[in-house]
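Scroll down for the structure; my scribbles are underneath it.
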Amino acid sequence: MMHEGPVEQDEEGSDPRLATCRGKLQSQRAKLNQDINKQIMIRNGAEKLYKVTSNKKLRETVALELSFINSNLQLLKEQLADLNSSVNIYQNKSSAQLVPMIPLGLKETKEIDFKEPFKDFILEHYSEDSSKYENPIKEFMDIRQAVRTPTRDYNGVKLLFGYYNLLYYIDRRFFPPHRNMGIFFEWFDSLTGVPSTQKTIAFEKASVLFNIAALYTQIAAKQDRLTSSGVDSAVDNFLRAAGMFRYIRDNFSNAPSMDLSSDTLDTLIQLMLAQARECLFEKLTPGVENLGLQTCLEVAQEAQEVSAVYSSVHKVMNNSSVKDYVPYSWISLLIVKSEHYRALAHHYAAVGLLEHNGEINKETEIYLEFVHSIDANDSPTCMDIKVPRTMEERRQLGKAHLRESLLLHEEALRLHRMCKQLRQIDNLHERLRMAHDSSLDRYARCEQEDDFQEILDPPPIQAATKYQLTLMPPDFSEHAIKDLFHDLGPLKVFCARRQWTAARQIQLKKENEENFGFSVRGDSPVIIAAVDAHSLAQEAGLKEGDFVVLIGITDSKWMGHEEVVRLIRESGNELTLKVVTPIDHDYLHPKSSNNSTASSPASNTSTLSSGELSRVHMRFTTNPFAKDKRRRATWNFFRRSQSKDREFPIVGKDDNVLYR
């Protein structure tokens, strides 16, 4: 459970040296996109001119210009694709034989100066001396600055989670729903570098969550998957990334940037799940060729499952709304992997058949019928051997699988050669070539000179898996943080969504036997429950429902009921109070009597007279993270699902991000 106690919150997990190279990359992306947009506008104008003009010479000139513009556009898009295809820097350098994974780059953001807007708001809204909060403001700005350059490890993830949780307090302290603070959050798109600017802090939150997911993908790609622990860590991080992308998709809508759109997030979720399944498959393959026919068949089905998943992601990524956004190399890599794992499925099926000695038992025969299901295949070139009965049939079926594996690997190598960016990934070509040579070597060994049988295709292998992957939703409660602006008072009252009058100073002076003439209730802060008619308190201007924020020179906003009563009693005959009057909410008479003890400080009463003081214990929980976990999602303004208990559902009409 999260708490507001002091928690060390420094710049651990940040490396400012990363800003230079990443900022340069982002600038290059932004410039390329500006050039692309400029060329598209020129092309649109030229196309319109070509359509409307009847001058033959002018049409020829415009056609030549269009050809030149299209060439420029192609070159610019290729340069952008090269920038977005730099996956090698995220891979594990000691595992050159492994197929590379697709990680995501982080969204960049510009520095923001919160000092003057926050100080002005503290003075105007909270009627406090804003100079007292210069250090908290500076600390918040330092944390945000650190978040711009997180380290590519779990310390960086921790830093981003801490900042996101801190935004819960910043949102409620400084961002009222009824007006804009004049603060603009600008973030660059992860893949295109196109900047997006929003006034709402919800955009800041969504961008931070996206960067957490992107960090998970980079950590996963860095794992040494030749070890069991490395594979487990890679799977875990890909699933965490997928869970975070789903959380963003489910809680944010009408995103201003393409990388936060629902279509893109759906694609990224499926991509991360596919890569997690690929990592699981890599854990199954070491030594499997020596474990018998049924084990080889199980691994063959797992390989076919990986191929089917990548084929499905390829179809999703080819969607018109996503295809032009993601790098072409990603689409090419998906289809290469799909062909590669289909080839491996046939390879392992062939190995199991060719290496098996003796008769095939009944259980394995039943399994073979399941593996070689051809109910939907009516191809005349497909052999009718599903369960081989003799050694020769096993050899024929195994040889057919090897031949299919060779053909599929040759197709994967061809697709690899067709993509300029993939050709630059040496370990991918090496891995494909090694798999192809392994099947070719076995095919040569089972080839016989007197083999004149017709070459037929093997029955297709049915995809199946024994492993169910589950998305891992983010657990924000793991990262404890503190409210930097704790001194402003309890968040349930002293927040940007509540309004009250300016603070008033109340001077009370009584005789020894005289009463002050008021009573108090509740805790943190204590509220004036009643004011006696014609009393000292009434004459001094004290009102029912006032919050006591200062007793003498002591801040009382966080004080409990008994402590306030003690201070007032110890003041003697002269008492100085500082109070504020709420004007948008009746804390003294809450609407619901059922939850009055949990939602209002007006529950316990002490009458401040010369008589006996009653003391009642009541501790109000001010920790927002101690509530039902379902409440965490309500931290976001532009949430998809509606909440009936939210009091301010409207975002300014000038904002592009709308509350749903």
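I'd like to know which of 174, 127, 149 lies farthest towards the positive end of the charge dipole of the range 115-176, counting +1 on Cβ of Lys and Arg and -1 on Cβ of Asp and Glu. It is 149, whose Cα lies furthest towards the positive end.
Working from label points 7 Å from Cα in the Cα-to-Cβ sense, the residue 131 to residue 113 distance is 2.0 nm.
Ordered by the number of other Cβ atoms lying within 10 Å of each residue's own Cβ, fewest first, 279, 495, 446, 296 fall into the sequence 446, 495, 296, 279.
Backbone geometry of the range 306-314 corresponds, through the Karplus equation with coefficients 6.51, -1.76 and 1.60 at θ = phi - 60°, to 3J(HN,Hα) couplings of 4, 4, 5, 5, 5, 5, 5, 5, 4 Hz, x marking Gly and Pro. A DSSP coil position with no more than 16 other Cβ atoms inside 10 Å describes the following GluC sites (Glu not before Pro) in the range 439-528: 447, 449, 454, 511, 513, 514.
Summarising the amide proton neighbourhood of residue 530: residues at separation of 5 or more, or on other chains, whose placed amide H is nearer than 5 Å comprise 519. Annotation for the range 396-487: chymotrypsin sites (Phe, Trp or Tyr not before Pro) lying in DSSP loop with at most 15 further Cβ atoms inside 10 Å of their Cβ are 452, 467. Near residue 14, the amide H atoms lying under 5 Å from its own belong to 151; only residues 5 or more places off or on other chains count, and H is placed 1.01 Å from N. Between the listed residues 427, 459, 396, the Cα displaced farthest toward the positive end of the dipole of the range 290-470, a dipole computed from Cβ unit charges relative to the Cα centre, is found at 427. Exceedance of the 27 Å cut-off in Cα-Cα distance is limited, within the set 31/51; 107/222; 205/315; 315/420; 77/337, to 31/51; 205/315.
Laboratory data are not the source of any read-out in this text; all were calculated from the coordinates shown. Every value quoted in this text rests on a predicted model; they were computed, and no experiment measured them. Backbone-built Cβ (ideal geometry, glycine too); neighbour counts: all protein chains shown.
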